[in-house]
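Peer 1: Got a structure for you, written out below as structure tokens; questions coming shortly.
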Amino acid sequence: MITIDDFKKLELIIAHIKEVKDHPNADRLYVLKVDTGKEEKQLVAGIRRAYTKEELVGRKVVMINNLQASVIRGEESQGMLLAASDENNLSLLSLDKDIALGSPVR
């Protein structure tokens, strides 16, 4: 179990996917450029089997903005997209209304 204070440590925000490239060293990963409203960040996401590049560019998504950066198969990832999945599908968390970039998710 985590406390509400633990949950509050996560900076969940709305970001806009600007660019998507195939990861050069992994067939399940994309390298994405996202706009957080304050800066651009690079994310590595294992969503290549669920989405085409064209389906992703232009989408607003929920991301963890304050996750410690890590290197995934040679590419730096500066955050994480949020998605739900089951045995058959993967779905990015997205919005049903237009919300400003960088808006917090609570």
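Peer 1: Determine which single condition His23 fails, assuming it passes every other condition in (1) crowded, with 18+ Cβ neighbours inside 10 Å; (2) on the phi > 0 side of the Ramachandran plot.
Peer 2: (2)
Peer 1: Examine the stretch 88-98 for a residue that is over 20 Å from Val44 (Cβ atoms) and touching a residue at least 40 places away in the same chain (Cβ under 8 Å), and state whether such a residue exists.
Peer 2: Yes.
Peer 1: Can you spot a residue in the stretch 68-77 that is within 15 Å of Glu11 (Cα to Cα) and surrounded by fewer than 20 Cβ atoms within 10 Å (Cβ to Cβ)?
Peer 2: Taking every residue of the stretch 68-77 in turn, at least one turns out to be within 15 Å of Glu11 (Cα to Cα) and surrounded by fewer than 20 Cβ atoms within 10 Å (Cβ to Cβ).
Peer 1: Residue check: is Arg28 part of a loop (DSSP other than H, G, I, E, B), in contact (Cβ under 8 Å) with a residue 40 or more places away in the chain and over 19 Å from His16 (Cβ atoms)?
Peer 2: Judged against the criteria, Arg28 is not a match.
Rule-based calculations on the coordinates, nothing more; no lab input. All values reported here derive from a predicted model rather than from experimental measurement. Cβ coordinates were reconstructed from backbone atoms using ideal geometry, including for glycine residues, and neighbour counts include every protein chain displayed.
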